[in-house]
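Input: a single structure, listed below in structure tokens.
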Amino acid sequence: MANIATTKMSSKGQVVIPENIRKKMKLKTGTQFVVMGENDVVILKSISPPALDEFDSLIAKVRKQGKQAGIKKSDISDAISKVRGENK
């Protein structure tokens, strides 16, 4: 089964990914894509959220860097309030 197929764009800009490619790439309903375009080339790159263990690792790293930088929880709350235009 080749990774090449043709498709058409609808009047609403929708493009159907041919079934053989969806099956080969294990794409499911709701799969999200980053879409890049330049000149006559359009690229779809499937994306997925990080696994929970990756997310936990990222949060731990950010907390460590925040602590090393001397950032307190109140600093974050203050910054959020400022961006939202809230008065304390």
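The values are calculated or read from the model by the stated rules, or taken from the named source; none is laboratory data. Here the structure is a predicted model, which means the values were calculated and not measured. Cβ: placed from backbone, ideal geometry, glycine included. Neighbour counts: every protein chain shown. The accessibility values were calculated without ligands, DNA or RNA, using every heavy atom of the protein model including side chains. Shrake-Rupley method; radii C 1.70, N 1.55, O 1.52, S 1.80 Å.
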Item to check | 1.4 Å probe accessible area per residue over the chain, in Å² | outcome: 97 Å²
Next on the checklist: 7 Å from Cα along Cα→Cβ at both Lys23 and Met9: what's the point-to-point distance in nm?
Outcome noted: 2.8 nm
Checklist entry - Per-residue accessible area for Val41 at 1.4 Å probe radius, Å² rounded to 10? => result 70 Å²
Checklist entry - Ordered by residue, what ³J(HN,Hα) values in Hz, to whole numbers, does segment 50-59 give under the Karplus form 6.51 cos²θ - 1.76 cosθ + 1.60, where θ = phi - 60° and Gly and Pro are x? => result x, 5, 4, 5, 5, 5, 4, 5, 5, 4
Checklist entry - Tell me, what is the percent relative contact order of the chain, built from C-alpha pairs under 8 Å that lie six or more residues apart? => result 13 percent
Item to check | Potential extension, Val16-Leu58 segment - 0.36 nm per residue separation minus Cα distance | outcome: 11.6 nm
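Counting only protein heavy atoms and using a 1.4 Å probe, what share of the accessible area of segment 1-42 belongs to carbon plus sulfur, as a whole percent?
Values: 2240 of 4100 Å².
So the carbon and sulfur contribution to the accessible surface is 55 percent.
How much net charge surrounds Ser57 when only other residues with a Cβ under 14 Å from its Cβ are counted (Lys, Arg +1; Asp, Glu -1)? If you can, show how the numbers build up before the last one.
Details: positive: Lys61, Arg63, Lys64; negative: Asp53, Glu54, Asp56.
Overall, the nearby charge balance is 0.
Average projected area of the Cα convex hull of the chain, in nm²?
Details: hull surface 44.3 nm².
Taking a quarter of the hull surface, the average projection is 11.1 nm².
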